[in-house]
Structures are given as structure tokens and as C-alpha cells.
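Report on the following structure.
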Amino acid sequence: MRKLNNMTDEELALAYVGGDNRAFDLLLSRNEVKLFSYILFVVHDEDLANDIFQETFVKAISRLHAGQYSSSGKFISWLMRIAHNVIIDGYRSQCVFRMVEQGNGNDLSCLQGEDFQADCAEQEMVRKQVLRDVKKLVDFLPAPQREVVYMRFYQQMSFKDIAECTNVSINTSLGRMRYALLNLRKMAKEHNIYLNLD
């Protein structure tokens with residue numbers, strides 16, 4: 001029989017399945033640095049990486065004994081796939097237990113009632129008035145800027161489509177929109193109109 005040190009990882013894995021425990025020790029020593037580095041790179045926590053490293057080898061041992069390893073690929077790649085699955089399973093189990101608790105003052109009953117509805121109606125009236133004022137301000141923009149604003153906001157066109165329609169580059173249409181927004185802010189400030197154009 002060949003010396004263990006001369007065997008590939010794949011041959012060592014098969015030797016371990018055949019009953020040679022020294023083959024597993026050599027497999028571990030050959031692959032532990034690469035595998036641990038990979039796990040630590042993914043999880044960024046040394047204690048967690050140690051736990052995942054151990055669980056990976058426990059799963060690898062059980063899969064080797066169950067005959068779930070074929071020597072068609074690299075042993076380290078097979079180990080990394082197992083480690084990846086262990087990491088994903090760990091994240092999934094953490095997510096299951098992350099629930100939001102409802103506190104005493106955290107109910108939505110305040111959204112009912114006439115006061116809330118009156119506030120909403122008032123806000124809607126203000127929003128409509130602001131839109132009317134903005135439409136009036138848009139009329140004072142230079143024609144190229146006004147054209148871009150109408151195409152973007154009222155016709156929902158992309159800047160690529162606007163560029164094609166106006167026979168300019170995309171950068172030019174973006175520039176016109178930028179200057180239109182700057183001019184609208186300036187006019188709104190002069191007329192005491194609050195605009196959120198971000």
C-alpha cells in the first residue's frame with residue numbers, strides 16, 4: 001500500500017472510508033487552514049468559525065461513512081460546499097427566531113378616528129395645492145427644461161427615451177432636468193412654496 005503522505009486528498013478520503021483513521025488525520029491537517037480561512041472570511045467571527053469548522057468535519061465524516069463522497073472532484077471543494085451549507089443553515093435558523101415584539105405603546109389604534117382622518121384629508125389638500133403651484137412654476141422654466149420635466153414626471157419616460165425624443169444625449173437630458181430642479185427650488189423659495197424634489 002502506498003504511503004499516506006504520497007496520496008491525494010481524494011485517495012485519503014477513500015482510505016479513511018476503508019478504515020484507516022490516520023488518513024483522516026492527514027486530510028484534516030492538509031485542509032484545515034484553507035477551510036477555516038474560508039469560513040472566517042464568510043462569518044467574520046472566530047468563535048462562530050470554530051463551531052462551523054467542527055460541524056463541517058462532523059458532517060463530512062458522516063457523509064464519508066454514508067458513501068456520499070465521490071472522488072470525481074477536489075476534496076477541499078467538497079468540504080467548502082458542506083461548510084457553505086452549514087453557514088446557510090445557521091443563518092436560516094437565526095432568522096426564524098427574529099421576531100418583533102409589540103410593545104404597549106406600539107399599536108395602530110391611533111390611526112383610527114376622526115382626528116387622524118381629518119389630518120389625512122388636510123395633508124391631501126395641501127399636497128394637491130403644492131402640485132398646482134409646481135405646475136404653475138414649471139410653466140416659467142426655459143422650454144428645454146420644461147420639456148424634460150413634463151416627459152419625466154407627467155409621461156413617466158426614462159431619460160433614455162427623453163434623449164431619443166428630443167434628439168440629445170442622455171447626459172444632456174439629465175443636465176436639463178438638474179437645472180430644471182434647481183430653478184424650481186429657486187422659484188419655490190421666492191414664492192414660499194415647500195418642495196421635496198429629492
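The values are calculated or read from the model by the stated rules, or taken from the named source; none is laboratory data. Keep in mind that this is a model prediction, so the values were computed, not measured. As a convention, Cβ positions derive from the backbone with ideal geometry for all residues, glycine included, and neighbour counts pool all protein chains shown. Only protein heavy atoms, including side chains, enter the accessible area calculation; ligands, DNA and RNA are left aside. Shrake-Rupley method; radii C 1.70, N 1.55, O 1.52, S 1.80 Å.
If packing is taken as the average number of other Cβ atoms within 10 Å across a peptide's residues, how do 177-184, 59-66 rank, most packed first?
On the way: 177-184: 16.9, 59-66: 14.1.
Going by the mean number of other Cβ atoms within 10 Å, highest first, we get 177-184, 59-66.
What full-extension length gain, to one decimal in nm, is calculated for K59 and L40 as 0.36 nm per residue of separation minus the Cα-Cα distance?
Length difference between fully extended and current span is 5.0 nm.
Kindly sort V138, V42 by accessible area of their heavy atoms, largest first, with the probe set to 1.4 Å.
V42, V138
What is the extension gain from R22 to S70, computed as 0.36 nm multiplied by their sequence separation minus the C-alpha to C-alpha distance, in nm to one decimal? Before the final figure, lay out the partial values.
Working: separation 48, 0.36 × 48 = 17.28 nm, distance 1.98 nm.
So the chain would gain 15.3 nm between R22 and S70.
Hey, what's region 4-92 come to in accessible area per residue, 1.4 Å probe, Å²?
Details: 5160 Å² over 89 residues.
With all protein chains present, region 4-92 gives 58 Å² per residue.
Quick one: net charge around L28, please, counting Lys, Arg +1 and Asp, Glu -1 for every other residue with C-beta under 12 Å from its C-beta.
Once positives and negatives cancel, what remains is 0.
State the extension gain, in nm to one decimal, for the chain segment bounded by L182 and N167, taking 0.36 nm per residue of separation less the distance between their alpha-carbons. Show your work: numbers first, answer last.
Working: separation 15, 0.36 × 15 = 5.40 nm, distance 2.29 nm.
Separation in residues times 0.36 nm, less the Cα-Cα distance, equals 3.1 nm.
Mind listing which trypsin sites (Lys or Arg not before Pro) in region 1-57 are in a DSSP loop and have 11 or fewer other Cβ atoms within 10 Å?
On the way: sites: R2, K3, R22, R30, K34; in loops: R2, K3.
Those that pass, being in a loop and sparsely packed, are R2, K3.
Efficiency by 1/(1 + (r/R0)^6): what FRET value for N5 and S93, r their Cβ-Cβ distance, R0 = 30 Å, to the nearest 0.05?
0.15
Rounded to the nearest 10 Å², what accessible area does I87 have for a 1.4 Å probe in the complete protein model?
10
Which residues does a label at H84 reach in region 15-43, if reach means a backbone N under 17 Å from a point 7 Å past the Cα toward the Cβ?
Flagged as within label range: 34-43.
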